[in-house]
Amino acid sequence: MKNTAFTEKHIAMGAKMVPFAGYNMPVQFAGISIEHETVRKGVGVFDVSHMGEFWVRGPKAFEFVQKLTSNNVADLYDGKVQYSCFPNDKGGIVDDLLVYRFNENNYLLVVNASNIDKDWAWCNKQNTMGADLENASGNTAQLAIQGPLALKAMQKLSEESVIDMEYYTFKVMKFAGIEDVLFSTTGYTGSGGCEIYMRNEDAIKVFDAVFEAGAEFDIKPIGLGARDTLRLESGFCLYGNDINDETSPIEAGLGWITKFVDGNDFINRSYHENLKNNGVSRRLRGFKMIDRGIPRHDYEVCDADGNVIGNVTSGTMSPMLHQGIGMAYIKSEFTKFGTEIYIHIRKKYLKAEVVKIPFYKG
């Protein structure tokens, strides 16, 4: 099991450590609900060093990324980040990812920790045009500083303005006295903030500076448990739960990152375009529990007569709403907002309602 550059820090801070994607990771510190509220109202720090980072460089870089990803890379400009996915050749998704454009010949792809090896093999298999690829995952540390006070706290560590950066943009800067730190206004919580990439050898210095700068804002370390409840409240998909090798981004409500425009001939485009034009048999939808209960992954979704019409992909008790929430693939005829559905929980059929996501804004 691998450690990140921050593992010893987590243990010293009292983290409960668990294996995750081959890494020894903190699942919680003070408790999931407390940590969740910290991020919604203040500022919290996640270790996301387990994520994968692939560099794509050279004159064929744009052509490669455009082929490999569903979003339109031509919409990017220097310093802009894009959410996207790797479509596979069977109608599903290899992974979802972030695409950073440094210039037309230099991109960074940030992929999920559990998929690094699979994604790297996929990228190399599809690199028929000869782009220059580098897997920098093992050399890169990453912190996600999230919450409404995150940028205010982090501004203390940079002479460049970060507090007014637009959502999904980035800068390479001197940060906490360290040169060439990648600072991006991205995240997976829905509460604003940034993600900071650095070399492993600089990680501890940056970590200490982040907590010192955030002390006046009551900054706290946050574990994977709260990361999951935060992303679900915000309606963000989790690979392996809500999307996988067999789900189309059109079914998953990710049509907004699947661009059918001239020049964007991504892998298996025609399959997904056909789904968009002719409809799908199921859709990923958010739902809130009406009856009291907590939905979980793989629970059945049923109609009023007990017929199975779908399955839950993600579910939890919302720490902010104090209500059970979840996402599920549901037969299309039951996906209109406001439709009553039933979640099969412990031999009971508990009433829920199909709703728009995000579940929580704040």
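Rule-based calculations on the coordinates, nothing more; no lab input. Treat the numbers as computed from the prediction; the structure is a model and nothing was measured. Methodologically, a virtual Cβ is constructed for each residue, glycine included, from the backbone with ideal geometry; neighbour enumeration extends over all protein chains shown.
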Selection from F287, M317, T335, by position along the positive dipole direction of segment 281-355 (Cβ): M317
Once you put a point 7 Å from the Cα of N88 and another 7 Å from the Cα of E246, both along the Cβ direction, what distance in nm separates them? 1.0 nm
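Starting from 0.36 nm per residue, how many nanometres of slack lie between K361 and E216 once their C-alpha separation is accounted for? Working shown, then result.
Working: separation 145, 0.36 × 145 = 52.20 nm, distance 2.49 nm.
Gain in length upon complete extension: 49.7 nm.
At 222 nm, what helix-only mean residue ellipticity would the chain give, in deg cm²/dmol to the nearest 500, using -39500 (n - 2.57) for each DSSP H run of four or more?
Mean residue ellipticity, 222 nm, calculated: -5500 deg cm²/dmol.
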Pseudo-spin-label distance D117 to D298, built 7 Å along Cα→Cβ, given in nm, is 2.2 nm
Three principal axis extents, largest first, for the C-alpha atoms of segment 281-355, in Å? 32, 24, 19
Which residues' amide hydrogens lie under 5 Å from the amide hydrogen of I243, considering only partners 5 or more residues apart or on another chain, with H built in the peptide plane? L238
Take the chain, connect every pair of alpha-carbon atoms lying under 10 Å apart with a spring to form a Gaussian network, then pick out the residue of P249, P87, P59 with the largest mean-square fluctuation. P59
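In debye, nearest 20, what is the charge dipole magnitude of the chain about its Cα centre with +1 on Lys and Arg Cβ and -1 on Asp and Glu Cβ, if you could check? Display every interim value, and only then the final one.
Values: 39 positive and 46 negative charges, 210 e Å.
Computed charge dipole of the chain: roughly 1000 debye.
Placing unit charges on C-beta atoms (Lys and Arg positive, Asp and Glu negative, everything else neutral), compute the dipole magnitude of segment 281-355 about its Cα centre in debye, rounded to 20. Don't jump to the answer; show the numbers that get you there.
Details: 12 positive and 8 negative charges, 33 e Å.
Its charge dipole is roughly 160 debye.
Counting chymotrypsin sites (Phe, Trp or Tyr not before Pro) as exposed when in a DSSP loop with at most 11 other beta carbons within 10 Å, what is the longest stretch of the chain free of them?
168-336
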Apply the Karplus parameterisation 6.51 cos²θ - 1.76 cosθ + 1.60, with θ equal to phi minus 60°, to every residue of segment 10-21 and state each ³J(HN,Hα) to the nearest whole Hz, in sequence, with x for glycine and proline. 4, 4, 5, 8, x, 5, 8, 9, 9, x, 8, 6
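First measure r as the distance between the Cβ atoms of K80 and D305, then evaluate 1/(1 + (r/R0)^6) with R0 = 41 Å and state the FRET efficiency to the nearest 0.05.
Working: r = 49 Å, r/R0 = 1.20.
Efficiency at R0 = 41 Å is approximately 0.25.
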Stretchable slack from K125 to R269, in nm (0.36 nm times residue separation minus alpha-carbon distance): 50.1 nm
With springs only between Cα atoms under 10 Å apart, run a GNM on the chain and tell me which of A15, A203, A121 wobbles the most. A121
Going residue by residue through segment 88-99, the Karplus relation 6.51 cos²θ - 1.76 cosθ + 1.60 with θ = phi - 60° gives ³J(HN,Hα) values, rounded to whole Hz and with x marking Gly or Pro, of 8, 9, 10, x, x, 10, 5, 5, 9, 7, 10, 10
Residue separation times 0.36 nm, minus the C-alpha to C-alpha distance between N105 and M13: what's the value? 29.0 nm
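Report the calculated FRET efficiency for E340 and T169 (r = Cβ-Cβ distance, R0 = 51 Å), to the nearest 0.05.
On the way: r = 41 Å, r/R0 = 0.81.
Calculated transfer efficiency: 0.80.
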Peptides ranked, highest mean first, by Cβ atoms within 10 Å: ranges 31-43, 143-155: 143-155, 31-43
Cβ-Cβ FRET estimate between A30 and E63, R0 fixed at 51 Å, reported to 0.05: 0.60
Once you sort the root eigenvalues of the Cα gyration tensor of segment 68-222 as a ≥ b ≥ c, which label holds: rounded (a/c under 1.5), prolate (a/b larger than b/c) or oblate (the other case)? prolate
Three-way shape label, the chain, alpha-carbon gyration tensor, a/c 1.5: oblate
